[in-house]
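The structure appears right after this line, and notes come after that.
The values are calculated or read from the model by the stated rules, or taken from the named source; none is laboratory data. These numbers come from a predicted model, not from an experiment. No Cβ is skipped: glycine too gets one built from the backbone with ideal geometry, and neighbour counts run over all protein chains shown.
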Amino acid sequence: MQAARVVGADVLRQVKHIELRARRLVTTLFSGEYRSVFRGQGIEFAEVRAYEQGDDFRAIDWNVSARMGSPYVKTFEEERELTLLLVVDRSGSVDFGRPRYKADVAIEVAAVLALAAARQNDRVGALLFADQVEQVIPPAKGRRHVLRVIRDLLAYTASGRGTNLGAALLYAARLLRHRAIVVVISDFRASGWELPLRRLALRHEVVAVTVDDPRELELPDAGWVELEDLETGRRALMDTSDAGGRLRLRIAAEEARLERARALKRVSVDHVPLMTDRPYAQALHAAFARRARRLAR
């Protein structure tokens, strides 16, 4: 894995700016609801006590009950500390977008979630990937650590341009020894990720944040333009004034977007879709509010 490059004063200024902006958003987005959004990540044994009327009989500890001659139940409590792992796409396809690059949106969303976790004294880590896992920041606590995560997200330049999301998900599964929250922030423009994501979601709470740009879904009528694949470097000329060509491209892009959503639903992963031309705060808040209501049922 490549090491992060030397951090200059400009990056440090960006870290401060993002921290201030993200802290305001943490307050407005979560307002103390972080635990309700990510409750039940795991439970730990608390004690064995005498059975009381109304206790769930499935919690009876039969071995202790046999020794004591009366029923005893195991009690559990929600883990006091959670681990948040941010799996962030730094491949070539995220260096695209207007008015903001997809990568910029991804970094700021990661910063908001990291600061929300730090406010609850939870551990935060990050895994940056392109065509391979590029950098891993092991989970740890504290504001200084979270600022390091944000700094590395801003400062990092990937050595590869392709996307191997499947390999990143497999790496994340090996990295995490205990149940955790895993937030994958990517455009998911890759293949072979569905099975690794399904396996990761069986052990961890996984949320997929997808970031798209409207020009990927519908090209403007701008005459002949040269298009470049940011991951392979291939270029092609296209007459965007051809309405039929633009329609075929839009249909293919919309079908790919819908299939991505269906795949995420198949693996039972919460999906938060974001766009580069729209503020992400409202979409993020709405998605997590829906999740909190569902978990409260």
Worksheet item: For the range 261-297, which residues satisfy the criterion of being in contact with an Asp or Glu (Cβ under 9 Å, 6 or more places away or on another chain) and closer than 18 Å to E216 by Cβ?
Response: A263, L264, P273, L274, M275, T276, D277, Y280
Worksheet entry | The lone exception for L113 - which of (1) out of contact with any helix residue (DSSP H, G or I) (no Cβ under 8 Å at 6 or more places or on another chain); (2) surrounded by fewer than 19 Cβ atoms within 10 Å (Cβ to Cβ); (3) farther than 26 Å from G233 by Cα it fails | (2)
Worksheet item: Using beta carbons and a limit of 8 Å, which pairs, at least six apart or on different chains, have the first residue in the range 250-261 and of a type in the set (D, E) and the second one surrounded by 14 or more Cβ atoms within 10 Å (Cβ to Cβ) and modelled with pLDDT under 95?
Response: E254/L217
Worksheet item: Can you tell me which residues in the range 110-138 are of a type outside the set (G, A, S), touching a strand residue (DSSP E or B) at 6+ places or on another chain (Cβ under 8 Å) and within 21 Å of G166 (Cα to Cα)?
Response: L127, L128, F129, V133, E134, Q135, V136, I137, P138
Item to complete: Inspect all residues belonging to the range 161-174 and state whether any of them is hydroxyl-bearing (S, T, Y) and farther than 18 Å from L113 by Cα.
Response: yes
Discussion item. Let me confirm something: among V64, V109, V37, which residue is at pLDDT 75 or above, within 15 Å of the chain's Cα centre (by Cα) and aliphatic (A, V, I, L, M)?
Written reply: V109
Response to the item:
When the range 139-156 is checked residue by residue, the ones that are of a type in the set (D, E, K, R) and not in a helix (DSSP H, G or I) are K141
Worksheet, complete the sentence: Exception for Y156 within (1) within 26 Å of A22 (Cβ to Cβ); (2) modelled with pLDDT of 90 or more; (3) surrounded by 19 or more Cβ atoms within 10 Å (Cβ to Cβ) falls at (2)
Worksheet item: Can you tell me which of A118, A222, A173 is more than 28 Å from R23 (Cα to Cα), free of Cβ contacts under 8 Å to residues at least 40 places away in the same chain and touching a helix residue (DSSP H, G or I) at 6+ places or on another chain (Cβ under 7 Å)?
Response: A173
Worksheet item: With V146, V48 as the choices, which residue is at pLDDT 90 or above and touching a helix residue (DSSP H, G or I) at 6+ places or on another chain (Cβ under 7 Å)?
Response: V146
Item to complete: From (1) at pLDDT below 80; (2) more than 27 Å from L165 (Cα to Cα); (3) among the polar types (S, T, N, Q); (4) surrounded by 13 or more Cβ atoms within 10 Å (Cβ to Cβ), pick out the condition that doesn't hold for S31.
Response: (4)
Worksheet item: When the residues of the range 60-101 are filtered to those that are basic (K, R) and either under 22 Å from I181 (Cα atoms) or touching a Gly at 6+ places or on another chain (Cβ under 8 Å) (or both), which remaining residue is surrounded by the most Cβ atoms within 10 Å (Cβ to Cβ)?
Response: R90
